[in-house]
Amino acid sequence: MLISNMGKPFSKISTFLICSIITLSCQHINNFKNLPKEKEGQKERRERDLLMMKDPALGYVPTDRLIKAKEYRDQLWQSQNNAVIAGVNWKTLGPKNLGGRTRALLIDANESTGNTIWAGSVGGGLWKTTDITASEPNWAPVDDFFGNLAITSVAQDPSNTQIMYFCTGEEGYFNADAIRGLGVWKTTNGGTTWAQLPSTNNATFNNCNKIIVNNSGIVMVATSSGGLQRSINGGTTWNKVLGTGLGITGAASNLSYDVDIAANGDVYATLNGSIHKSVNAGANWSAAQTVPITLSRVELACAPSDANYVYALVENGNVVNGILRTQNGGTTWTSRTEPADADPGIPAGDFSRGQAWYDLTIAVDPNNRDVLLVGGIDLFKSTDGAGTWTQISHWYGGFGFPYSHADQHNIVYRPGSSSIAYFTNDGGVFRTANADVAAPTITDKGANYITSQFYACALHPTALTSYALGGTQDNGSHQFTQPVLQNTVEVTGGDGAFCHIDQNQPQFQFTSYVYNDFYRSTDGGSSWTNITTGGGNFISPTDYDDVNNLMYMCNTTGTYKRWDDPQTGGTFASVAVANFGGGNVSAVKVSPNTANRVFFGIDNGRVVRVDNANTGAPTTTLINTGLPLGAYVSCVEVETGNDNHLLVTFSNYGVNSVWESTMAVPAGPVWKAIYRICLYAGLCSTLQTATRQ
């Protein structure tokens, strides 16, 4: 983080951090397993991301400023502004018993046993273990201070295995919590040290979906906005070789999802809506012959044992639209059979459950062109070239299948082995040592892989207690009970959103799922009951009134929702507020000083004070005079003991990020920008999204 002080420090508000900046892992247990898998769709995610990140004056995201922010941050890290806060020490609490969302995995060719694994988390950086077969592998982060930790793909140079690359940026998959990248990193000493390639320090490489290296050391990167990029000099320079504007038939997009190398060195790559082939190491490209289905996202798998066999797993309209196979090197393609999930909550015709834009992966057995594995929500195996399928996992271990976390992102066979394969998903890294049998055994390898992503946390009011709750991306909400690195208990499942512990009666605790779906405990977190009201955002901001026992939350456009009896019942009221200006609530803060006063931040830049918020006819006051119009309010914070003293943060480029008022109660309060904070873009939660310039 880099901070440029634009005024005196704001020192009186003691808590202005959110635990979503902590990378943690968690324990998957049986409670609330059967929550439906749900993701915010591509359209909704793009609209939300634009609101949060755009420069209000331009109406779009100026990605070039990300590079300037990184350069400025690097300068400050070398200056006295990097001084630590006296008496403040940070330590990892974990949990250490489950990993977080992972797309990248590499089996290190430098180590003969095959037990050294590199894994790239999309929010927690690059990790390495040298004993993946252990019940608790010795995972360790490679470097917590890379310029970007959103790792999406990792590759090794076959001609010199001391050379490896990883690329960054997950926004090409359009999930709500995707993190923007910052190019490609390279090591020339087997991973001891890594450095960003200066040639990728630009918007073209903001989001990289796949990186590969051929036997001659030629590097290719499938990017989300720059097409397929190719380097013949180890990443010193790059050329776009596939995408728009190059005169290549069928190349109508610069969104490249995948690139793969056939056994004979031919290269296959996909754009949004098309498949292409190169017979000269990616220098020139031609369109694949007509395919029988409509394509959008396409994931490829070349058979290592036969250069003529290539499979394509296809998404269109958010669902799986088919599996294609060529047996003649791409001259003709035929449709094959899709697997059907045993889970009745997953449609028989779409094993991704409408999330093929997010979780979709395929791999071919190194020794048998007809054996392949695919993943959507769950994992499946075919032994006859995608003619028939057998399910081999389930996202909570149901229906007689072994457990593998939901949302599969990558499948990697150990080179030359038909039995050893790895699966990466929203729960980290999983492994099988008998992929060659009909019903493989799958084991979780996420212990010590501390990469889970947290949206929010809540602390117990008792002094020196170690009890806390935290809500995670697709790994539920968890109890912390110790002051050290620990395993935690998952108390409620799905995506864990905002959570609260009553500060006066801590036996009352609350967690939430998506779209205002809540869980309540009245016995200090031992048992939980579901209360659903609906509305709000995918991850809805909420705040709890500990004095009056009310909860306030995001609802529909121009309204907020109030939970009138959260300790005992399920009564909710929707309250319309004209001063919201037709926007949606993006931040909520209950005043700790004035009864029934709530401050709301709106996604159009407004900040509204609501008095008598516990009634159907509250008094509302617009208090954002002088604040950036059209920006996204990501946090509102109030000083305990002084309602006049407020902090407001904005997540957009092009506006000052943190504002302070010491006269927030009177009409027409005075605001001033006090900090300019810059983190690498894409970390979308309260503190982090308030930091783009």
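The values are calculated or read from the model by the stated rules, or taken from the named source; none is laboratory data. Because the structure is a prediction, the values reported are computed rather than measured. Here the Cβ is made from the backbone with ideal geometry for all residues, glycine too, and neighbour counts use every protein chain on show.
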Does at least one position in the range 456-475 carry a residue that is aromatic (F, W, Y), touching a strand residue (DSSP E or B) at 6+ places or on another chain (Cβ under 8 Å) and in the same structural domain as T533 (by TED's automatic domain parsing)?
yes
If you check F351 against the conditions, is it in a loop (DSSP other than H, G, I, E, B) and either modelled with pLDDT of 95 or more or under 25 Å from the mean Cα position of the chain (by Cα) (or both)?
yes
Filtered residues of the range 241-256 (kept if closer than 7 Å to L271 by Cβ and touching a Lys or Arg at 6+ places or on another chain (Cβ under 7 Å)):
none
What tally of residues in the range 494-529 results from selecting those that are in a loop (DSSP other than H, G, I, E, B) and of a type in the set (D, E, K, R)?
3
For the range 180-215, give me each residue that is among the aromatic types (F, W, Y) and either not assigned by TED's automatic domain parsing to the domain that holds W127 or not in a strand (DSSP E or B) (or both).
W194, F205
Can you find even one residue in the range 338-345 that is part of a loop (DSSP other than H, G, I, E, B) and within 29 Å of G416 (Cβ to Cβ)?
yes
Kindly check whether there is at least one residue in the range 411-430 that is more than 17 Å from the chain's Cα centre (by Cα), assigned to a strand (DSSP E or B) and polar (S, T, N, Q).
no
Could you give every pair whose Cβ atoms fall below 8 Å, whose first residue belongs to the range 480-494 and is over 15 Å from A458 (Cβ atoms), and whose second residue is acidic (D, E) and at pLDDT below 95, counting only separations of at least 6 or pairs across chains?
G494/E38; G494/D474
All strands (runs of 3 or more DSSP E) inside the range 225-322 with 3 or more residues being over 29 Å from I163 (Cα atoms)
310-316
Cβ-Cβ distance below 8 Å, separation of 6 or more or different chains: which pairs start in the range 105-118 with a residue that is without any contact (Cβ under 8 Å) to a residue 24 or more places away in the chain and end on one that is assigned to a loop (DSSP other than H, G, I, E, B) and polar (S, T, N, Q)?
E111/T130; N115/T130; N115/T133; T116/N110; T116/T130
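Mind telling me which of the residues V588, V491 ends up being buried (at least 22 other Cβ atoms within 10 Å of the Cβ), in contact with an Asp or Glu (Cβ under 6 Å, 6 or more places away or on another chain), part of a strand (DSSP E or B) and modelled with pLDDT of 95 or more? Don't jump to the end; show me each part of the working.
On the way: V491 fails: in contact with an Asp or Glu (Cβ under 6 Å, 6 or more places away or on another chain).
Of V588, V491, the one residue that is buried (at least 22 other Cβ atoms within 10 Å of the Cβ), in contact with an Asp or Glu (Cβ under 6 Å, 6 or more places away or on another chain), part of a strand (DSSP E or B) and modelled with pLDDT of 95 or more is V588.
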Return the only residue of D603, D546, D611, D564 being touching a Ser or Thr at 6+ places or on another chain (Cβ under 7 Å), within 19 Å of Q505 (Cβ to Cβ) and modelled with pLDDT of 95 or more.
D564
For residues in the range 534-583 being under 27 Å from the mean Cα position of the chain (by Cα) and surrounded by fewer than 22 Cβ atoms within 10 Å (Cβ to Cβ), which is nearest to R606 (Cα to Cα)?
T557
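If a residue counts only when it is over 13 Å from the mean Cα position of the chain (by Cα) and acidic (D, E), which strands (runs of 3 or more DSSP E) contained entirely in the range 89-178 have at least 1 such residues?
none
What number of residues within the range 591-623 satisfy the criterion of being free of Cβ contacts under 8 Å to residues at least 24 places away in the same chain and over 18 Å from N549 (Cα atoms)?
Within the range 591-623, the first condition is being free of Cβ contacts under 8 Å to residues at least 24 places away in the same chain, and the residues that meet it are 611-612, 615, 617, 619.
Subset that is over 18 Å from N549 (Cα atoms): 617, 619.
Qualifying residue count, the range 591-623: 2.
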Candidate set from the range 591-617 (those that are under 33 Å from the mean Cα position of the chain (by Cα) and over 30 Å from G59 (Cβ atoms)); member that is surrounded by the fewest Cβ atoms within 10 Å (Cβ to Cβ)
P592
Checking N584, N555, N537 in turn, the sole residue that is more than 16 Å from G616 (Cα to Cα) and either of a type in the set (S, T, Y) or in contact with a Ser or Thr (Cβ under 7 Å, 6 or more places away or on another chain) (or both) turns out to be N584
Condition first: more than 22 Å from L324 (Cβ to Cβ), in a loop (DSSP other than H, G, I, E, B) and of a type in the set (D, E, K, R). Can you find one or more residues in the range 362-383 that meet it?
no
Among the candidates G120, G94, G124, residue that is outside the structural domain of C167 (by TED's automatic domain parsing) and surrounded by 14 or more Cβ atoms within 10 Å (Cβ to Cβ)
G94
Out of the residues in the range 622-660 that are surrounded by fewer than 22 Cβ atoms within 10 Å (Cβ to Cβ) and hydroxyl-bearing (S, T, Y), which is nearest to L50 (Cα to Cα)?
T625
